[in-house]
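Here is the structure we will look at, set down as structure tokens.
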Number of protein chains: 4
Amino acid sequence: MCRWMAWSGQPVLIEELLFKPKHSLIDQSLHSRMGVETTNGDGFGLGWYGTAVPEPALYHSIAPAWGDANLRELASHVESHLFLAHVRATTGTAIQQTNCHPFRHGRWVMVHNGVINGFEQLRRDMMLAVSPDLFPTIQGSTDSEVLFHLALTYGLEQDPVTAMERAIGFVEATAARHGVEKAIQASIGVSDGERVWAFRYSTERASRSLFVSAEVSAIKELNIDNPRLARLRDEDRLIVSEPLADLPGVWHEIPESTVMIVQPGPDEQRPFEPRYEPAAGNGAPATPGSPRA
Amino acid sequence: MCRWMAWSGQPVLIEELLFKPKHSLIDQSLHSRMGVETTNGDGFGLGWYGTAVPEPALYHSIAPAWGDANLRELASHVESHLFLAHVRATTGTAIQQTNCHPFRHGRWVMVHNGVINGFEQLRRDMMLAVSPDLFPTIQGSTDSEVLFHLALTYGLEQDPVTAMERAIGFVEATAARHGVEKAIQASIGVSDGERVWAFRYSTERASRSLFVSAEVSAIKELNIDNPRLARLRDEDRLIVSEPLADLPGVWHEIPESTVMIVQPGPDEQRPFEPRYEPAAGNGAPATPGSPRA
Amino acid sequence: MCRWMAWSGQPVLIEELLFKPKHSLIDQSLHSRMGVETTNGDGFGLGWYGTAVPEPALYHSIAPAWGDANLRELASHVESHLFLAHVRATTGTAIQQTNCHPFRHGRWVMVHNGVINGFEQLRRDMMLAVSPDLFPTIQGSTDSEVLFHLALTYGLEQDPVTAMERAIGFVEATAARHGVEKAIQASIGVSDGERVWAFRYSTERASRSLFVSAEVSAIKELNIDNPRLARLRDEDRLIVSEPLADLPGVWHEIPESTVMIVQPGPDEQRPFEPRYEPAAGNGAPATPGSPRA
Amino acid sequence: MCRWMAWSGQPVLIEELLFKPKHSLIDQSLHSRMGVETTNGDGFGLGWYGTAVPEPALYHSIAPAWGDANLRELASHVESHLFLAHVRATTGTAIQQTNCHPFRHGRWVMVHNGVINGFEQLRRDMMLAVSPDLFPTIQGSTDSEVLFHLALTYGLEQDPVTAMERAIGFVEATAARHGVEKAIQASIGVSDGERVWAFRYSTERASRSLFVSAEVSAIKELNIDNPRLARLRDEDRLIVSEPLADLPGVWHEIPESTVMIVQPGPDEQRPFEPRYEPAAGNGAPATPGSPRA
């Protein structure tokens, strides 16, 4: 179990949102209120989009986020209009940089809070289902990284929602075949540097919490004296596992089995339904767990 | 604030006491019940005495104890008749191996749970009071390491109780001179490989908790079916910041302002009273904070 | 490319052989003379057998061996009659503890100096060939760890030489199928705590150097005044990538395409010939790269 | 002994100068040609000035520079008009982030290649001479950090050249008093974000190498086809311990006992002469090693 946040909006010093708010993600690394684990001290990751190059930069650390001097330096000197941050509580896999989120492929990044149950049993079939040309880029040992590669195999870069529906559908079908129940728990953030997809889903339909900040115009009618709020602009959106305490009233809970799409122009909210279809021609298996034709 | 434990007795695999008991020190690193901080994830240290050489070995790690693979390996393969372990929650100084306890000088080691208030203000005077020949061996930046060197300056190796009384007396006098109140909070463990001194003291007389296991003969009359207890021998003693949950009834609280001495033969318990005397000829200052004559 | 050493003999403090000899393995981590890379600073590993439990202990570190304070502590306090140590120079895979040698399975450990060429291309087929019940224990991303699991799949615990011949045979066949030349470079050490197998082999028959110390009785006739030599006993054997400088005249080069078996009683030397046979019933593939029947 | 570089000029992606040139600083971390140590694998540091805030950011790592994934990410995504980078080869002090250069105070940073001989003996007197209000900010255990604090004590922020002359003068006087010869070896880089001071000095007048790139207009007359050169502008300056191989002909050696000042407008070169004068009112000692009046 983990905690994560994403920012999409005006460029800000990362620390403004990562460290300074009350009950910030860094606070949550020590004292989570809504997570299954109260301590998320098994690694930290940050992926940010800047102005120098289009690809996102990654910072991965196995030190707990609350005590990482380099992270404080980075966050207090680097500005970004879109970043995702993640604090990790391992469910058993090794604490190493290659297991830290976000995972990256070209301009795409993904963070995941949750777990694939019985991953030890499912890992081989899941890795087999990854497209052979993507296989070499799996560097760590987490369920999340394999899920990311499954989603890439199913076309994440072309159609993120469908790809994630098929990736999770594959996981559920594979779990069923192995007799594993409650296959997946997931709140997932994905971005290409322009949009952010926030997925909330679990096989048992009792997913980890996930919140998005409301439209600023609506909020401003309610709140008057909050300086952090005063600086928010209409297009600014925060997505968080747990609400920041100094922005009360700002949060909409993302509903169960839903994907929220934060993007230029009106945001979008859609039902999320895993699909068990075979892939077509992009290296994914014709049937779950079987070799490619 | 930190948590620590010490074992003196029959040789045991370190994991038997460090990992396996309910509410073990490793559990306390994630979920302390009695500490000021609930998470002690800012470094781990182990000092153990073995059979190959008389000097103790140290293992210092900046990874949280609960997730440190090397620590699990060590603890499950190394036997020791006397060891001290420490989980750290920094009060601000850097997370680095040289700030991990225990600190060592020859055959002597020390662990400390607590804090010297206003250490930033007092640090220079405290370091000045350390004997110049000991000064070069200060490697980190903690209050605890300087306190250890003060105690060495005052003769820890000859008379540990008096030396610690004078070291803490010096700290209190220096704090008073700087207008710092509640100078020190301390539960301290010291060993030379044969005995363990466990000090419990704070300027405000409201010290962190500290417990020692009772004599086994007395306990065995009370408890019958506990397998861990059944393996304890008469000379075996555990000292812990917080009781291990699977040995209920075993624990004596070490009283406020007291030093407990665990040793071959009957153990000893004495009042602990800081002294503000000048040193004589061993490099310590004639008056607190002044240069050596 | 890496460097390694193994000791089998009387119990010694590990530092006696790991740190103290001239041109020790730790020296080689900074200044290798015979390696392809002169610096082996990308991680260190030690696997040692002790007296407390039959399984070997592991110490894995991503700090360069020459500056690792915990390694110095361990090596100067722990005695072992059989240990393997390894300094790593990565050929591209991540520097993380799960990529440090030795790899372990039950009582078995393996270290590897060398490389599987085109591993990115071959990795998927190699991992597929690993027995599904061993698959979940692959934790890192190195070619060496997958090779170890292939050898386990082919029966390392029953017949190490045949298993390694088949594992490497499989690698060569898979490489050939992918058009990869010079499939493997390898000097490999394997142990079960009683014996050490030292393999020297490469597809191009130009393998990395590997040396074993000669029988002590023969050496003692030649050398008279070397104190380190004077302490050696008849059963003591050192295996090293590069000779230790303060034991000149002691070393036999292990020939190309040979396995040396150090064991109680007379040691043994055999030709090493990779085999391309299919496996029988233990989860390995019927033909290289194909799915299990 | 260490290696360092500094850039002052047009904003560049840090990797353009830190990683991409032939014989870059990262190459020098593995294979230095002109250094006393060929390997500089005991930590890395980067201090860069950006556009978001005036204070420089620091990145300190105890992983060898050549294998540090976070460093590659940073360097390939962050632009800076002025940065200093440093690879460390320890002369004995601990490998920890607080011992990594650059050291920082407000807008000022310093890197140091060299050594203060007999630092164990001199450390106490040097630390005593540091202004008490600066004393608490000493976090590590290096000679370089104490030298930086001495220079700050002597007024680095007001007059860097005089302050460094007095700091090194104090070191030499203190060394002489302790009977230590060849007190200091130093190539030092200092910056406030606008200018860079590059000091080359050693007590024995045989200082480590230090080079500065020539004025671009002069170079361009000589070189025609070098694309890296073609991108240089008139105000751009590189300072390096060892010349980058793909900019031959560009380098001026900074003379012995000289400070080079890179700044807007014409650069400046001055003789550097340590001074043994007492301080006036800023907390530094009236005579070397004595307590403040």
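Among the residues of region C:214-233, write down those that are open to solvent by 50 Å² or more (accessible area, probe 1.4 Å) and modelled with pLDDT of 85 or more. Matches in region C:214-233: C:Arg233 only. Count of region C:21-34 residues, restricted to those that are open to solvent by 20 Å² or more (accessible area, probe 1.4 Å) and in contact (Cβ under 8 Å) with a residue 40 or more places away in the chain, is 3.
With the requirement that a residue be under 22 Å from A:Asp192 (Cα atoms), of a type in the set (Lys, Arg) and either open to solvent by less than 20 Å² (accessible area, probe 1.4 Å) or assigned to a strand (DSSP E or B) (or both), what does region A:89-143 give you? Hit for region A:89-143 is A:Arg104, nothing else. Among all positions in region A:48-57, there is at least one residue which is crowded, with 22+ Cβ neighbours inside 10 Å, out of contact with any Pro (no Cβ under 7 Å at 6 or more places or on another chain), within 14 Å of chain D (Cβ to nearest Cβ) and modelled with pLDDT of 90 or more. What residue, among those in region B:75-87 that are of a type outside the set (Ser, Thr, Tyr) and open to solvent by 10 Å² or more (accessible area, probe 1.4 Å), is farthest from the other protein chains (Cβ to nearest Cβ)? Residue satisfying both the conditions and the ranking: B:His81. Within region C:9-37, being of a type in the set (Val, Ile, Thr) and within 18 Å of the chain's Cα centre (by Cα) holds for C:Ile14, C:Ile26, C:Val36.
Can you pull out every residue in region D:198-213 that is open to solvent by less than 10 Å² (accessible area, probe 1.4 Å) and either under 10 Å from the mean Cα position of the chain (by Cα) or not hydroxyl-bearing (Ser, Thr, Tyr) (or both)? Result: D:Ala198, D:Phe199, D:Leu210, D:Val212. Filtered by the rule that a residue be within 7 Å of another protein chain (Cβ to nearest Cβ) and of a type in the set (Val, Ile, Thr), region B:16-47 gives a lone residue, B:Thr39. Hey, does region C:116-139 have a residue that's within 14 Å of chain A (Cβ to nearest Cβ), touching a residue at least 24 places away in the same chain (Cβ under 8 Å) and of a type in the set (Phe, Trp, Tyr)? Scanning region C:116-139 turns up at least one residue that is within 14 Å of chain A (Cβ to nearest Cβ), touching a residue at least 24 places away in the same chain (Cβ under 8 Å) and of a type in the set (Phe, Trp, Tyr).
Residues in region C:38-72 that are over 20 Å from D:Gly43 (Cβ atoms), of a type outside the set (Ser, Thr, Tyr) and either assigned to a loop (DSSP other than H, G, I, E, B) or more than 17 Å from the chain's Cα centre (by Cα) (or both): C:Gly50, C:Ala52, C:Val53, C:Pro54, C:Glu55, C:Pro56. Of all the numbered requirements in (1) facing chain D (nearest Cβ under 10 Å); (2) modelled with pLDDT under 95; (3) crowded, with 23+ Cβ neighbours inside 10 Å, A:Pro64 misses one, and that requirement is (1). Being away from chain D (no Cβ under 14 Å) and at pLDDT 95 or above is true of B:Glu172.
The values are calculated or read from the model by the stated rules, or taken from the named source; none is laboratory data. Fair warning: this is a prediction, and the values are worked out from it, not measured in the lab. No Cβ is skipped: glycine too gets one built from the backbone with ideal geometry, and neighbour counts run over all protein chains shown. Side chains are part of the model used for accessible areas, which takes the heavy atoms of the whole protein and leaves out ligands, DNA and RNA. Shrake-Rupley method; radii C 1.70, N 1.55, O 1.52, S 1.80 Å.
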